[in-house]
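Enquirer: Right, I'll just put the structure down here and ask away after.
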Amino acid sequence: MLQTNSFRKIFSRLFPRKADVDNLAETDPKRWEHLPIEQKALLADQYLARGEIALLNEDLSALGHFEAAATLTPENFEIWYREGRAFFDYGMWEDKEKALLIASRYFKLAVQLAPDRFEIWSCWGSVLLQLGIAYNEHHFYLEAKEKLQRAIDYSKEVPRPVLAQLYWDYGLVWTELAQHSGEAVDVRLSIQAFQTSMNSQDILPPKFLNDCGNAYLQMGLLINDSRLYLQAVEHLKNAVTANQHYTEGWISLANAYSQLYINTMDERYVSLANDCYTHLCQESAEDAENWLGWAQLLGESGRQNRDQKKTESFH
């Protein structure tokens, strides 16, 4: 029988001021030990629904309802999976990353009960990816890769939008692993994952196009191939065309044009990068990083052309 006591300790450690976990719910199994199995299942589902609603309203007493549901039907994988999903969704809010650690624990329990379920592996991999992003720790990406690979093993009959998200996450994981390893083969796997995701999408979101474009840009930096920069540019142009206010896309596009200039010394790319920085600095005049990138671009162009005015234009 799976135990829930450890979650009280985890919850107390992660959210010490949020709730008194010793009084969240009465979960003594003796209260329900004489109930028929069907009634336990029904009651567990009711507790689970209450917990999901409570968490949506940022009410962390949801843990008590989740604990009651798990105590009633501890061998039901769906209870643990849905509780993990609830904390996953909650953890995606700003400054709620600690909840992702709880979600990961729930998915670990769920997969022990149902090791062939696509949705558990997929969500667990996504949680670990977000933990890697939140805490900038390499081991989370390695664990995410393993979980997403298991999800791919069970993905034959999943809907196209779900498959698209799976390979999008898989591409992001390989992108992060490549930054750590510096290996072109890792970036190639990232690009392949993004291409697979793209084949399952009818409309490509700007963020996806930015992530995909940055993978090509990363590959270009590793093997010094201008053709890859041009492929990156195509994706990034589509991203900012789809959303003119997408700052990350404009930054990535400026970087791609800047790298093309460094590789080719073609002044046309300075002009295109300059247009990107002009847009960025009009949209976010207070962002010092954009001004710095712009200054470095003009400084490099000035040095190459021995143009003192351009070199000094941002001093």
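The values are calculated or read from the model by the stated rules, or taken from the named source; none is laboratory data. Only a predicted model underlies this, so the values are computations on that prediction, with no experimental measurement involved. All Cβ positions, glycine included, derive from the backbone under ideal geometry; neighbour counts span all protein chains shown.
Enquirer: So in region 56-80, with the set limited to residues that are free of Cβ contacts under 8 Å to residues at least 40 places away in the same chain and farther than 26 Å from His34 by Cβ, which one is surrounded by the most Cβ atoms within 10 Å (Cβ to Cβ)?
Expert: Going through the qualifying residues, I end up with Ala62.
Enquirer: Which number in (1) under 21 Å from Ser226 (Cβ atoms); (2) of a type in the set (Gly, Ala, Ser); (3) modelled with pLDDT under 95 marks the one condition that Ser284 misses?
Expert: (1)
Enquirer: Only one of (1) under 15 Å from the mean Cα position of the chain (by Cα); (2) over 22 Å from Ile152 (Cβ atoms) fails for Arg105. Which number is that?
Expert: Only one criterion is unmet by Arg105, namely (1).
Enquirer: Another question, if that's okay. Pairs only if they're at least six apart or on different chains, beta carbon under 8 angstrom, first in region 35-55 and more than 12 Å from Glu67 (Cα to Cα), second of a type in the set (Asp, Glu); list them, first residue then second.
Expert: Leu55/Asp89
Enquirer: Here are Ser284, Ser252: which of them is within 19 Å of Val187 (Cβ to Cβ), of a type in the set (Ser, Thr, Tyr) and in contact with a helix residue (DSSP H, G or I) (Cβ under 9 Å, 6 or more places away or on another chain)?
Expert: When all the criteria are applied, what remains is Ser252.
Enquirer: When only residues in region 123-167 that are acidic (Asp, Glu) and under 16 Å from the mean Cα position of the chain (by Cα) count, which is surrounded by the fewest Cβ atoms within 10 Å (Cβ to Cβ)?
Expert: Here the answer is Glu137.
Enquirer: Further question: Under 6 Å by Cβ, and 6 or more places apart or on different chains, what pairs join a residue from region 89-112 that is touching a residue at least 40 places away in the same chain (Cβ under 8 Å) with one that is in a helix (DSSP H, G or I) and of a type in the set (Ser, Thr, Tyr)?
Expert: Close Cβ pairs satisfying both conditions: Ala99/Tyr90.
Enquirer: Looking at (1) among the aliphatic types (A, V, I, L, M); (2) farther than 23 Å from Leu209 by Cα; (3) without any contact (Cβ under 8 Å) to a residue 40 or more places away in the chain, which is the only condition Leu163 fails?
Expert: With (1) among the aliphatic types (A, V, I, L, M); (2) farther than 23 Å from Leu209 by Cα; (3) without any contact (Cβ under 8 Å) to a residue 40 or more places away in the chain applied to Leu163, the lone miss is (2).
Enquirer: Filtering region 245-277 down to residues that are part of a helix (DSSP H, G or I) and of a type in the set (Phe, Trp, Tyr), which residue is farthest from Leu217 (Cα to Cα)?
Expert: Tyr277
Enquirer: Let me ask something else. Checking Tyr90 against (1) assigned by TED's automatic domain parsing to the domain that holds Arg50; (2) at pLDDT 95 or above; (3) in contact with a Leu (Cβ under 6 Å, 6 or more places away or on another chain): exactly one of these is not met. Which one?
Expert: (2)
Enquirer: Report, by residue number, each residue of region 166-182 that is of a type in the set (S, T, N, Q) and in contact (Cβ under 8 Å) with a residue 12 or more places away in the chain. So that I can check it myself, show each step before the final result.
Expert: Taking region 166-182 as the starting set, the residues that turn out to be of a type in the set (S, T, N, Q) are 175, 179, 181.
Those that are of a type in the set (S, T, N, Q) and in contact (Cβ under 8 Å) with a residue 12 or more places away in the chain: Thr175, Gln179.
Enquirer: Does Ala25 meet the test of being modelled with pLDDT under 80 and touching a helix residue (DSSP H, G or I) at 6+ places or on another chain (Cβ under 8 Å)?
Expert: Against the criterion (modelled with pLDDT under 80 and touching a helix residue (DSSP H, G or I) at 6+ places or on another chain (Cβ under 8 Å)), Ala25 qualifies.
Enquirer: Can you tell me how many residues in region 225-236 are surrounded by 17 or more Cβ atoms within 10 Å (Cβ to Cβ) and either modelled with pLDDT under 95 or more than 21 Å from the chain's Cα centre (by Cα) (or both)? First the steps, then the outcome.
Expert: Filtering region 225-236 for residues surrounded by 17 or more Cβ atoms within 10 Å (Cβ to Cβ) gives 228-229, 231-233, 235-236.
Filter once more, keeping what is either modelled with pLDDT under 95 or more than 21 Å from the chain's Cα centre (by Cα) (or both): 228-229, 231, 233.
The qualifying residues number 4.
Enquirer: Going by the structure shown, is Glu83 surrounded by 24 or more Cβ atoms within 10 Å (Cβ to Cβ), in the same structural domain as His34 (by TED's automatic domain parsing) and among the charged types (D, E, K, R)?
Expert: Against the criterion (surrounded by 24 or more Cβ atoms within 10 Å (Cβ to Cβ), in the same structural domain as His34 (by TED's automatic domain parsing) and among the charged types (D, E, K, R)), Glu83 qualifies.
Enquirer: Could you tell me how many of the residues in region 248-278 are of a type in the set (D, E, K, R) and in contact with a Gly (Cβ under 7 Å, 6 or more places away or on another chain)?
Expert: Within region 248-278, residues that are of a type in the set (D, E, K, R) and in contact with a Gly (Cβ under 7 Å, 6 or more places away or on another chain) number 0.
Enquirer: Could we say that Glu83 is more than 15 Å from the chain's Cα centre (by Cα), modelled with pLDDT of 90 or more, in a loop (DSSP other than H, G, I, E, B) and within 28 Å of Glu33 (Cα to Cα) here?
Expert: On the way: more than 15 Å from the chain's Cα centre (by Cα): yes; modelled with pLDDT of 90 or more: yes; in a loop (DSSP other than H, G, I, E, B): no; within 28 Å of Glu33 (Cα to Cα): yes.
For Glu83, the condition - more than 15 Å from the chain's Cα centre (by Cα), modelled with pLDDT of 90 or more, in a loop (DSSP other than H, G, I, E, B) and within 28 Å of Glu33 (Cα to Cα) - is not met.
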